[in-house]
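The next block holds one structure in the form of structure tokens; read it before the comments.
Since every read-out is calculated from the coordinates, none of them should be taken as a lab result. Everything numeric here is computed off the predicted structure, so don't read it as measured data. Cβ placement follows ideal geometry from the backbone for every residue including glycine, while neighbour counts extend to all protein chains displayed.
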Amino acid sequence: MDVIVTTLMGLEALVGAELRDLGYPASAIAVENARVVLDAGDDYALACARINLWTRCGERVLLEMARAPAADFDALFDATRALPWEEWIARGQVITVDGYARNSALFGISACQSIIKKAIVARLAASRGLAPGSRLVEDPARGTIPVRFGIVDDVVSLMIDTSGAGLHKRGYRPLRNVAPIRETLAAALVRLSLWRPSRGEALVDPFCGSGTIPIEAAMIARDLAPGRQRAFGGESWHVIRDAFAVAREEMAARESRYRDRMYPLFGSDIDPQMVALSCANAARAGVADTVRFYQADAIAGDREGGLHPRRLQTETEATDRLVVCNPPYGERLRDPEAARAIQAGIGVICLPGGNLRTDLRLTVLSPDEAFERTVGSRADKRRKLYNGMIKCTMYHYHRYAVTSGGKS
Ligand code: SAH
């Protein structure tokens, strides 16, 4: 049975790398569009548990029960009924079915849902010796089995979701602020920006909002599992429940190595309430001792400005800094004019005359396609990423570090 990790578009390769870091060979990993497929052989249960706990950039972990041709409803029904659902679904458990179809003769989602559900119920009724057409009693107290299907090119993939809530929900961030970046994407930004703490480089988010970017960076640096504080749907599913206990033990051993190490991590925001929220979130994430938050207007022109070299020097006590942020943008936070004014401010302060200042590297995520024009400098590298449904670009200004030899 293959393990499938779904991802935001643009993060597939990062998730592939995460699976290799967990010890799975590259030959068992296939990076596809918005998902990564792992053939873990007989070890699928442990793989599901480990990946749920450790993927920072993946959205969900599904276990694929089977793949079969399904060009019409009869084929879909037969392929579904042929599977040993009685091994996977216990008496009383609630069965939910959801999915998608693309490029296939079957396209009505609700019709496919009801066919699949009927086929599963028919199989379970037969295996429990009930009369054909019997209904099953479902009791939410016995747990829910979320069946997922994907029909692509007339082939159905039948899967069970082992994550429950999406994996970006780590458990440290209440849903309070206006436009937070997804945790999975914040982790990806940190990974892609190639932060170099071993060289004393400080990581600073001057528009920190709820603190997601520095908090994810702290968890990466300390090798803390992103899923350490939360529960997963699969933990109450008998097929993989025991594997979660094993994976949590492994996690505790692995986490003990760096959990007390200190890293230069900082976040600031113009809004004191956001600073307070970031502090509370960092405490919930278990990294409050290594991330410091303070109030600053990032683009104020004086020495108090959050991006001013003097202020950064005082706050971080480091001479090299990596600035990683997603500044406010038009549609959701402010009017476009105000968002542009902030970008222009970033340009004036960090990219004077179009050249990157020598004391920092800059990674910015923005949905604004005019970003480079507004800051007055072309990025050295850009990459398309999605914050949920919003298409964004990650702009890297790392040129100084690259051309200055000694610093790269
Ligand atoms: N990455 C953040 C979301 C950033 S939203 C998160 O994880 O939640 C943008 C943030 O920029 C908001 O919190 C807003 O208060 C802050 N902001 C707006 N103008 C600012 C300015 N001039 N200086 C610093 N912060 C500012």
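Look at (1) in a helix (DSSP H, G or I); (2) touching a Gly at 6+ places or on another chain (Cβ under 9 Å); (3) near the ligand (Cβ under 9 Å from one of its atoms); (4) under 22 Å from Ala186 (Cα atoms) and you find that Asp297 fails only one, number (1).
Just checking, which of Gly347, Gly354 is touching a Lys or Arg at 6+ places or on another chain (Cβ under 9 Å) and surrounded by fewer than 22 Cβ atoms within 10 Å (Cβ to Cβ)? Explain how you work it out, then say what you get.
Details: Gly347 fails: touching a Lys or Arg at 6+ places or on another chain (Cβ under 9 Å).
Sole residue among the options that is touching a Lys or Arg at 6+ places or on another chain (Cβ under 9 Å) and surrounded by fewer than 22 Cβ atoms within 10 Å (Cβ to Cβ): Gly354.
If you go through region 266-294, how many residues are under 15 Å from Ala218 (Cα atoms) and assigned to a helix (DSSP H, G or I)? Show your work before the answer.
Let us first name the residues in region 266-294 that are under 15 Å from Ala218 (Cα atoms), namely 266-267, 278-293.
Now drop any that are not assigned to a helix (DSSP H, G or I), which leaves 278-285.
Residues meeting the conditions: 8.
Looking at region 211-252, which of its residues are more than 16 Å from the ligand (Cβ to nearest atom) and among the small types (Gly, Ala, Ser)? Outline the logic, then answer.
Filtering region 211-252 down to residues more than 16 Å from the ligand (Cβ to nearest atom) leaves 221-225, 227-252.
Answer for region 211-252, where residues must be more than 16 Å from the ligand (Cβ to nearest atom) and among the small types (Gly, Ala, Ser): Ala221, Ala225, Gly227, Ala231, Gly233, Gly234, Ser236, Ala243, Ala245, Ala247, Ala252.
Within this structure, Tyr294 fails the test of being in contact with a helix residue (DSSP H, G or I) (Cβ under 6 Å, 6 or more places away or on another chain) and within 21 Å of Ser210 (Cα to Cα). Inside region 183-216, residues that are more than 16 Å from the chain's Cα centre (by Cα) and of a type in the set (Asp, Glu) make up a count of 2.
Contact map, region 258-285: residues that are farther than 29 Å from Arg199 by Cβ paired with residues that are within 14 Å of the ligand (Cβ to nearest atom) and among the basic types (Lys, Arg), Cβ distance under 6 Å, separation 6+ or inter-chain. No pairs are found.
Considering each of Arg382, Arg373, Arg311, Arg292 in turn, give the residue that is closer than 27 Å to Arg259 by Cβ, without any contact (Cβ under 8 Å) to a residue 40 or more places away in the chain and not aromatic (Phe, Trp, Tyr). Quick ask: steps written out before the conclusion?
Working: Arg382 fails: closer than 27 Å to Arg259 by Cβ; Arg373 fails: closer than 27 Å to Arg259 by Cβ; Arg311 fails: closer than 27 Å to Arg259 by Cβ.
Answer to the selection: Arg292.
Note on region 238-274: residues that are in contact with a strand residue (DSSP E or B) (Cβ under 7 Å, 6 or more places away or on another chain) and buried (at least 20 other Cβ atoms within 10 Å of the Cβ) total 6. In region 186-212, the residues that are on the phi > 0 side of the Ramachandran plot reach residues that are small (Gly, Ala, Ser) and away from the ligand (no atom under 16 Å from the Cβ) with C-beta atoms within less than 8 angstrom, at least six apart or across chains, in these pairs: Gly200/Ala318.
Filtered by the rule that a residue be within 13 Å of the ligand (Cβ to nearest atom) and farther than 19 Å from Leu312 by Cα, region 191-210 gives a lone residue, Ser210.
Please go through region 91-135 and pick out each residue that is surrounded by 13 or more Cβ atoms within 10 Å (Cβ to Cβ) and charged (D, E, K, R). Within region 91-135, Asp98, Lys117, Lys118, Arg123 qualify.
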